[in-house]
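What follows is a single structure, written as structure tokens, with notes after it.
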Amino acid sequence: MIADRKDDHVRFAAEQQRDLGGYNQFDDVSFVHHALAGIDRPDVSLATRFGGIDWTVPLYINAMTGGSVKTGAINRDLAIAARETGVAIATGSMSACFADKSLEGTFSVMRRENPDGFIMANVNANASVEKARRAVGLLRADALQIHLNSIQETVMPEGDRSFSFWGPQIEEIVAAVDVPVIVKEVGFGLSRKTVLMLQEMGVRAVDVAGRGGTNFARIENDRRERADYSYLNGWGQSAPACLLDVHGSGIPVLSSGGVRNPLDVARGLALGASAAGVSGLFLRTVLDGGVPALISQISAWLDQLEALMTVLGARTPADLTRCDVLVRGELRAFCADRGIETRRLATRSSSYGTTHETMGSTR
Ligand code: FNR
């Protein structure tokens, strides 16, 4: 049953990618072009540090799968691509292997193929402390992701219906595991209120996993005989909306959900994220073109991200948070309703660095 669900998720998520080329709210974020802001390419470093975690690049393959023969093979391929490109990677939810030990290999294959990489285990917020520890141990994981997916569970015919336990459970897991805990959504976004609560629980970082990419309301609707919940297909906040909403909360934030290209990576970093995660789009690539296609896509993205940072005068991912950005459209309306000031973003480079100070003084 779980194995079938895992295969369904992969199939429906890969199909969704066909419809996802168009607008999403990342398009409402644009950089102000400063023609003299550029620096030299060798000055750029993609390394990023957040919550005591060091990554050589601010991009990662986000949680997807494992728990069936087919998805074990996908995890193997994703892990090889992560190893070859140096990006961090997460497994999908490991609950399948708690129910059936014979499925452990469909997750641990990631560590076997990527012995030195940064690997994140993944459990749901119902997992006991003992299961969370087992998940980390099985992968010798460097961090643990806990996913929050109340909308998915609600639409999933066999899903959970009780959510009050999640907060206390997360707190217990954080206290009991000896790796950093990163809490994520699965495509509906994390609000400021949620993030502040998670911060109080001792969570090390949050991954907003916003709306605009893989849509689990749609996936679970597709798995129902009647699409009873199709009116929830637009639920949630986009990644850029979440990043703006949680800005200044003090906890490290990761940008994911609907990231389509290196510019979306740069946009997320400019809105305060320490790194950007991609799931559905990389899944589609690996299913269509195998490991070589994914390696070449990730390498091209990293190369182009460096190129964009060079043009933008950003030596590090964190420097992007001092680049001027404009917020428009639906995203601007969201900010207005949530009391988020967007004008400061459009002129913030004037107080930054020599080049930018010069630009500021000539306005
Ligand atoms: C996911 N996602 C996910 N997340 C999680 O924390 N545990 C999981 O088991 C899964 N399973 C899963 C399966 C498949 C096939 C996909 C495509 C995705 C959610 C994922 O990590 C991410 O939050 C969302 O997919 C949004 O990002 P993208 O796909 O728009 O880049």
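For the range 53-69, give me each residue that is more than 11 Å from the ligand (Cβ to nearest atom) and more than 14 Å from L254 (Cα to Cα).
Within the range 53-69, T56, S68, V69 meet the criteria.
Which of the residues that make up the range 251-291 are among the hydroxyl-bearing types (S, T, Y), within 25 Å of R344 (Cα to Cα) and within 14 Å of the ligand (Cβ to nearest atom)?
S255, S256
Can you tell me which of I182, I170 is touching a residue at least 60 places away in the same chain (Cβ under 8 Å), surrounded by 18 or more Cβ atoms within 10 Å (Cβ to Cβ), more than 27 Å from D228 (Cα to Cα) and not basic (K, R)?
Step by step, each of I182, I170 is checked, and only I182 is touching a residue at least 60 places away in the same chain (Cβ under 8 Å), surrounded by 18 or more Cβ atoms within 10 Å (Cβ to Cβ), more than 27 Å from D228 (Cα to Cα) and not basic (K, R).
Quick check on the range 292-313: of everything there that is of a type in the set (G, A, S) and surrounded by fewer than 21 Cβ atoms within 10 Å (Cβ to Cβ), which residue is farthest from the ligand (Cβ to nearest atom)?
Residue satisfying both the conditions and the ranking: A307.
Just to be sure I understand, how many residues within the range 18-47 are modelled with pLDDT of 95 or more and over 27 Å from S350 (Cβ atoms)?
2
Please go through the range 147-161 and pick out each residue that is touching a residue at least 40 places away in the same chain (Cβ under 8 Å), within 16 Å of the ligand (Cβ to nearest atom) and not polar (S, T, N, Q).
H147, L148, I151, V155, M156, E158, G159 - these are the residues of the range 147-161 that are touching a residue at least 40 places away in the same chain (Cβ under 8 Å), within 16 Å of the ligand (Cβ to nearest atom) and not polar (S, T, N, Q).
Name the one entry in S238, S299, S279 that is closer than 16 Å to S30 by Cα, of a type in the set (S, T, N, Q) and in contact (Cβ under 8 Å) with a residue 60 or more places away in the chain.
Result of the check over S238, S299, S279: S238.
For the range 184-204, what are the residues that are aliphatic (A, V, I, L, M) and in contact with a Lys or Arg (Cβ under 9 Å, 6 or more places away or on another chain)?
L190 - this is the single residue of the range 184-204 that is aliphatic (A, V, I, L, M) and in contact with a Lys or Arg (Cβ under 9 Å, 6 or more places away or on another chain).
Suppose we keep only residues that are more than 16 Å from the ligand (Cβ to nearest atom) and free of Cβ contacts under 8 Å to residues at least 12 places away in the same chain within the range 16-43. Which one would you say is nearest to G329 (Cα to Cα)?
Applying the filter and picking the extreme gives H33.
Looking for whichever is over 19 Å from the mean Cα position of the chain (by Cα), within 25 Å of R83 (Cβ to Cβ) and basic (K, R) here; the options are R161, R134. Which one fits?
Answer to the selection: R134.
Contact list please: Cβ distance under 8 Å, first residue in the range 201-225 and at positive phi and among the charged types (D, E, K, R), second residue at pLDDT below 95 and within 12 Å of the ligand (Cβ to nearest atom), pairs at least six apart or on different chains.
none
Going by the conditions given, is S164 in contact with a Phe, Trp or Tyr (Cβ under 7 Å, 6 or more places away or on another chain) and without any contact (Cβ under 8 Å) to a residue 40 or more places away in the chain?
Answer is no for this residue.
Give the range 70-96 a look and list any residue that's within 12 Å of the ligand (Cβ to nearest atom) and buried (at least 20 other Cβ atoms within 10 Å of the Cβ), or say none.
T71, I74, N75, L78, I89, A90, T91, G92, S93, M94, A96
Just checking, which of F98, F165, F107 is under 30 Å from L302 (Cα atoms) and among the aromatic types (F, W, Y)?
Result of the check over F98, F165, F107: F107.
Give the range 320-331 a look and list any residue that's closer than 21 Å to L254 by Cα and either surrounded by fewer than 16 Cβ atoms within 10 Å (Cβ to Cβ) or over 20 Å from the mean Cα position of the chain (by Cα) (or both), or say none.
R322, C323, D324, V325, L326, V327
Which of the residues spanning the range 112-133 are within 16 Å of the ligand (Cβ to nearest atom) and either not hydrophobic (A, V, I, L, M, F, W, C) or not in a loop (DSSP other than H, G, I, E, B) (or both)?
I119, M120, A121, N122, V123, N124, N126, K131, A132
The values are calculated or read from the model by the stated rules, or taken from the named source; none is laboratory data. Fair warning: this is a prediction, and the values are worked out from it, not measured in the lab. A quick note on method: Cβ atoms are made from the backbone with ideal geometry, for glycine too, and the neighbour counts reach across all protein chains shown.
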